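Visitor: I'd like to ask some things about the structure below.
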Amino acid sequence: MLRKQFQLPADVTQARAYVSGLGYYRLRLNGRRIGHDEFTPGWTLYEKRCQYQVYDVTKQLHQGENAVGALLGNGWWSSGLGWAGGHERHAKPGENLRFLLQLEVQCADGSQHTILTDGTWASHVSPILEDTLYHGETYDARLEQPGWDTADFSAADQWKPAKPVEYRPAIMCVQKAPPLRITGQLKPAKITEPKPGVYVLDFGQNHPGRPKLTVNAPAGTTIKIQHAEILRPDGLIDSVNYRSARVTDTYICKGTGTEVWQPKFTYRGFRYAQVTGLPEKPTADTIVSQVVHTAAPPAGKFTCSNRLVNRIVKNVLWGQRSNMHSVPTDCPQRDERLGWMGDAQAFAPTSIWNMNMALFYTKWMRDILDSQHPNGATTGVCPRIVVDGAGRAAWADAVSVVPWRIYEYYGDRRVLEENYEGVKKWVEYIRANLQNDLYEKPTWGDWVPVVTTPELPVSACYGFYSTKLLAQMADALGKQDEAEEYEALAKRQAKAFHAKYYHPETANYVTGTQTSNLLPLAFGMVPPEFQQAVADSVARDVAEHGYHHTTGFLGTPVILPMLAKYGHAEAAWRIASSDEYPSLGYMVKKGATTIWERWNTDQMGPEMNSRNHFAFGAMAQWFFEGLAGIQLDPDVPGLKHFIVRPEVVGDLNWVKADYPSPYGRIACDWRRDDDGSLRLHVVVPANTTATVYLPTAEVSSVRESGKPLAEAAAVRQRGVQGNRVVVDLPAGDYWFVSQLPGKK
Ligand code: BGC
């Protein structure tokens with residue numbers, strides 16, 4: 001804890017606090033907490049960049065004596081991160097905390113005052129005896145010093161002078177991405193007592209949170225709360241898969257009546273809490289859980305007539321909330337919770353459908369460039385930590401994929417401008433490491449798949465993809481020479497890849513696994529004359545696996561859109577709606593409330609086995625883009641012009657989706673009726689246009705708002721393409737009815 005008192009000569013007309021710290025700080029003025037943000041100042045590569053927050057504190061100050069206080073915690077800075085513990089350079093929990101404040105005050109008498117952190121502040125250890133990200137928090141309420149953050153504090157003489165330290169990150173920048181906040185509260189749905197005095201609380205949902213305890217017990221009573229994702233057969237918690245993370249919060253009562261406490265500087269993903277030391281059996285109000293994560297605004301909504309798919313959508317969203325903590329993380333529970341870049345780039349489009357991620361990723365891209373090595377190699381984890389070497393393909397390529405996604409979905413050209421040089425450095429690194437025009441370096445490959453795909457060709461695909469994205473960025477930024485140069489470099493890689501890995505007799509790449517074929521197909525490496533055959537190979541393999549995918553982190557995001565694009569939407573639907581292993585539905589059937597790290601998490605040992613990794617949730621992109629059919633126009637970023645191409649598949653009877661695009665709300669709902677007709681409602685927001693691919697080839701069967709197409713004033717017909725009637729629409733609300741082929 002830090003504190004300082006100061007005088008103000010008159011009423012305050014304006015006051016602002018510019019504030020930062022390492023690791024976490026909480027600012028207090030005259031006995032009150034400032035703001036609702038959690039885990040400020042947020043996670044960055046601290047030696048390069050540190051964020052600060054700005055708060056208007058005009059109302060919290062007054063004429064006369066004032067007090068400012070700060071409470072500090074370890075956080076990402078000094079908790080000691082990484083599975084081997086303490087990889088982090090500053091990992092000295094409790095010894096290494098810093099705080100920086102510039103409080104600017106204007107008073108009614110015209111005077112101006114600046115209160116800064118310096119040697120005039122006083123410090124004291126706080127009641128928080130331990131706090132780290134992985135292990136949890138221990139708090140001894142008997143050590144509280146009431147009034148420590150007010151001007152009426154009597155024990156100030158027992159505090160020691162604070163020690164000024166030098167720490168200069170190259171850049172101090174204001175936080176622009178959304179803050180972490182408490183976004184909800186869960187009550188236990190079930191409380192059991194598997195052993196006398198040991199209570200297990202089931203919150204019914206795996207989520208990122210921390211407990212809030214309300215208790216009345218004698219001084220010195222020690223209440224211990226441990227966390228887990230699963231239970232043992234005897235009903236106690238099983239937290240073996242948290243590995244070295246102790247995830248335990250401990251509260252020692254002061255014994256003064258009803259006490260309310262929640263840890264401040266820790267969180268974890270969990271569903272169950274196991275509690276000991278309570279004076280009596282807990283009720284549903286004794287311990288609740290506060291959900292905490294980066295509070296990006298909610299975005300799209302998707303529901304349909306299939307209940308399993310609706311539950312999957314919820315699990316995907318909980319997986320996303322669980323893994324947004326200043327940076328995208330792999331998991332929220334075990335001794336990692338790191339910014340693994342492969343996971344994030346794979347999940348990026350789905351995350352954008354779910355929440356407004358523009359500022360979150362814009363900030364994380366700065367972390368990626370800060371973490372980039374001087375030779376151009378980007379890392380595998382960002383902020384750079386634990387795994388430091390040159391990033392491996394598909395992880396390192398987040399540097400090119402993520403800015404391109406922001407551009408595609410939000411139309412933000414500036415993010416391309418900001419990242420262009422960094423992407424170029426990465427592609428030049430790739431170029432310097434090409435062998436026979438292929439970037440074949442060790443990588444984690446199509447991580448945790450059902451069937452393994454050799455990793456070197458996966459690396460080569462990503463080498464191509466980053467080069468191609470750079471060419472597209474150059475084109476979007478009007479750098480024509482570079483666009484041509486990198487386009488040519490990408491073509492060389494695609495040609496070499498095709499020559500080395502394509503087997504014409506089977507129409508397969510590499511070993512013919514689904515991912516072997518999907519990556520070249522999705523990235524645009526396959527010559528046009530082979531594309532359909534390669535897509536058919538994927539579909540055949542899916543059928544041979546009983547209509548299942550066999551993909552890992554990298555093949556999973558693209559399998560459903562690629563199947564649908566090449567005429568295998570029914571196969572895509574079978575994968576998406578299955579509840580047999582391997583599938584997202586299987587996880588639901590086995591009780592999952594988030595997305596597992598592995599398709600067979602239930603059959604694997606505990607070591608590398610989280611119940612809360614978002615990467616496989618990437619299939620949900622196709623719910624919005626395939627089932628509802630709201631798709632980007634590759635030539636027009638930001639959904640200024642978009643495509644509606646719904647897939648009416650399987651026994652799906654209706655779909656309802658909407659999305660707050662940068663121009664306003666896009667909506668697409670469809671429902672099929674017993675008579676074989678399809679009703680489709682499309683909302684095209686102001687200042688946008690859309691092209692709709694109606695799932696019928698019979699123009700004469702189509703009506704819009706009750707009129708035949710030819711009479712529907714705003715609708716411009718583009719004819720029939722394949723089995724779809726195509727129409728262009730200006731902004732407006734449209735109600736189509738059409739006859740489904742063969743469904744009469
Ligand atoms: C993480 C993954 C990550 C992988 C890379 C794991 O420990 O949890 O999600 O992408 O390592 O190998």
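Visitor: Going residue by residue through the range 329-347, is there one that turns out to be among the small types (Gly, Ala, Ser) and more than 11 Å from the ligand (Cβ to nearest atom)? Explain how you work it out, then say what you get.
Guide: Initial filter on the range 329-347 (among the small types (Gly, Ala, Ser)): 339, 342, 344, 346.
Among the residues that remain, those that are also more than 11 Å from the ligand (Cβ to nearest atom) are: none.
So far as the range 329-347 goes, no, none of its residues is among the small types (Gly, Ala, Ser) and more than 11 Å from the ligand (Cβ to nearest atom).
Visitor: Only one of VAL309, VAL292 is open to solvent by less than 10 Å² (accessible area, probe 1.4 Å), within 30 Å of ALA177 (Cβ to Cβ) and away from the ligand (no atom under 16 Å from the Cβ); which?
Guide: VAL292
Visitor: When the range 470-496 is examined, which residues are found to be assigned to a helix (DSSP H, G or I), of a type in the set (A, V, I, L, M, F, W, C) and in contact (Cβ under 8 Å) with a residue 60 or more places away in the chain?
Guide: Residues satisfying the conditions are LEU470, MET473, ALA476, LEU489, ALA496.
Visitor: Among the numbered conditions (1) within 16 Å of the ligand (Cβ to nearest atom); (2) out of contact with any Leu (no Cβ under 7 Å at 6 or more places or on another chain), tell me where PHE616 comes up short.
Guide: Failed condition: (2).
Visitor: Within the bounds of the range 478-491, is there any residue that is closer than 22 Å to ALA346 by Cα and at pLDDT 95 or above?
Guide: yes
Visitor: Considering only residues that are away from the ligand (no atom under 11 Å from the Cβ) and open to solvent by less than 10 Å² (accessible area, probe 1.4 Å), look in the range 314-325 and name the one that is nearest to LYS589 (Cα to Cα).
Guide: Selected residue: ASN315.
Visitor: Suppose we keep only residues that are of a type in the set (Gly, Ala, Ser) and farther than 26 Å from CYS50 by Cα within the range 98-152. Which one would you say is least open to solvent (accessible area, probe 1.4 Å)?
Guide: Top of the filtered list is ALA141.
Visitor: ASP249 - would you say it is at pLDDT 95 or above and part of a strand (DSSP E or B)?
Guide: Yes, satisfied.
Visitor: Within the range 416-449, which residues are open to solvent by less than 10 Å² (accessible area, probe 1.4 Å), in contact (Cβ under 8 Å) with a residue 60 or more places away in the chain, part of a helix (DSSP H, G or I) and of a type outside the set (Val, Ile, Thr)?
Guide: LEU416
Visitor: LYS363 passes all but one of (1) closer than 17 Å to LEU470 by Cβ; (2) away from the ligand (no atom under 15 Å from the Cβ); (3) surrounded by 21 or more Cβ atoms within 10 Å (Cβ to Cβ); which number fails?
Guide: (1)
Visitor: Of all residues in the range 652-679, which are open to solvent by 10 Å² or more (accessible area, probe 1.4 Å), of a type outside the set (Phe, Trp, Tyr) and assigned to a loop (DSSP other than H, G, I, E, B)?
Guide: Those that are open to solvent by 10 Å² or more (accessible area, probe 1.4 Å), of a type outside the set (Phe, Trp, Tyr) and assigned to a loop (DSSP other than H, G, I, E, B): ASN653, PRO662, ASP673, ASP674, ASP675.
Visitor: Got a sec? Which strands (runs of 3 or more DSSP E) wholly within the range 1-66 have at least 3 residues that are among the basic types (Lys, Arg), without any contact (Cβ under 8 Å) to a residue 60 or more places away in the chain and open to solvent by 60 Å² or more (accessible area, probe 1.4 Å)? Walk me through how you get there before you give the answer.
Guide: Numbers: elements: 2-8, 12-22, 24-29, 49-56.
It comes to none.
Visitor: Working only within the range 231-250, note down all residues that are open to solvent by 20 Å² or more (accessible area, probe 1.4 Å) and within 23 Å of the chain's Cα centre (by Cα).
Guide: Residue satisfying the conditions is ARG243 alone.
Visitor: Just to be sure before I move on: is VAL649 closer than 29 Å to ARG574 by Cα and either without any contact (Cβ under 8 Å) to a residue 40 or more places away in the chain or in a strand (DSSP E or B) (or both) in the structure I sent?
Guide: So VAL649 fails the test.
Visitor: Would you confirm whether or not the range 388-395 contains a residue that is away from the ligand (no atom under 16 Å from the Cβ) and open to solvent by 10 Å² or more (accessible area, probe 1.4 Å)?
Guide: No, every residue in the range 388-395 fails to be away from the ligand (no atom under 16 Å from the Cβ) and open to solvent by 10 Å² or more (accessible area, probe 1.4 Å).
Visitor: What is the number of the single condition among (1) at pLDDT 95 or above; (2) within 24 Å of ALA490 (Cβ to Cβ); (3) within 16 Å of the ligand (Cβ to nearest atom) that SER351 does not meet?
Guide: Evaluating SER351 over (1) at pLDDT 95 or above; (2) within 24 Å of ALA490 (Cβ to Cβ); (3) within 16 Å of the ligand (Cβ to nearest atom) leaves (2) as the failure.
Visitor: Shifting gears a bit: Give the number of residues within the range 623-635 that are in contact (Cβ under 8 Å) with a residue 60 or more places away in the chain and open to solvent by less than 10 Å² (accessible area, probe 1.4 Å).
Guide: Qualifying residue count, the range 623-635: 6.
Visitor: Looking at the range 450-469, which of its residues are open to solvent by 50 Å² or more (accessible area, probe 1.4 Å) and part of a helix (DSSP H, G or I)?
Guide: If the condition is that a residue be open to solvent by 50 Å² or more (accessible area, probe 1.4 Å) and part of a helix (DSSP H, G or I), then GLU455, LEU456 are the ones that fit.
Visitor: Considering GLU711, GLU647, which residue is more than 16 Å from the ligand (Cβ to nearest atom), within 28 Å of the chain's Cα centre (by Cα) and open to solvent by 10 Å² or more (accessible area, probe 1.4 Å)?
Guide: Within the list GLU711, GLU647, the selection yields GLU647.
Visitor: Pairs under 8 Å by beta carbon, first residue closer than 18 Å to ALA17 by Cα in the range 85-108, partner at pLDDT below 95 and surrounded by fewer than 16 Cβ atoms within 10 Å (Cβ to Cβ), six or more apart or different chains?
Guide: If the second residue must be at pLDDT below 95 and surrounded by fewer than 16 Cβ atoms within 10 Å (Cβ to Cβ), the pairs left are ARG98/VAL165; ARG98/TYR167.
Visitor: Please specify each residue of the range 592-610 satisfying the condition of being more than 16 Å from HIS545 (Cα to Cα) and open to solvent by less than 40 Å² (accessible area, probe 1.4 Å).
Guide: ALA592, THR593, THR594, ILE595, TRP596, GLU597, THR601, ASN609, SER610 - these are the residues of the range 592-610 that are more than 16 Å from HIS545 (Cα to Cα) and open to solvent by less than 40 Å² (accessible area, probe 1.4 Å).
Visitor: Right, something else. Give the residue, chosen from ASN375, ASN354, that is open to solvent by 10 Å² or more (accessible area, probe 1.4 Å), closer than 30 Å to ALA273 by Cα and not small (Gly, Ala, Ser).
Guide: ASN354
Visitor: Tell me whether the range 276-287 contains one or more residues that are part of a loop (DSSP other than H, G, I, E, B), surrounded by fewer than 23 Cβ atoms within 10 Å (Cβ to Cβ), away from the ligand (no atom under 16 Å from the Cβ) and among the acidic types (Asp, Glu).
Guide: yes
Visitor: If a residue must be outside any loop (DSSP other than H, G, I, E, B) and at pLDDT 95 or above, how many such residues does the range 686-706 contain?
Guide: Residues flagged as outside any loop (DSSP other than H, G, I, E, B) and at pLDDT 95 or above within the range 686-706 amount to 8.
The values are calculated or read from the model by the stated rules, or taken from the named source; none is laboratory data. It should be emphasised that the depicted structure is a prediction, and the values quoted were computed from it without experimental measurement. Please note: Cβ atoms are built from the backbone with ideal geometry, for glycine as well, and neighbour counts cover all protein chains shown. Remember, those area values only see protein heavy atoms, side chains included, never the ligands or the DNA or RNA. Shrake-Rupley method; radii C 1.70, N 1.55, O 1.52, S 1.80 Å.
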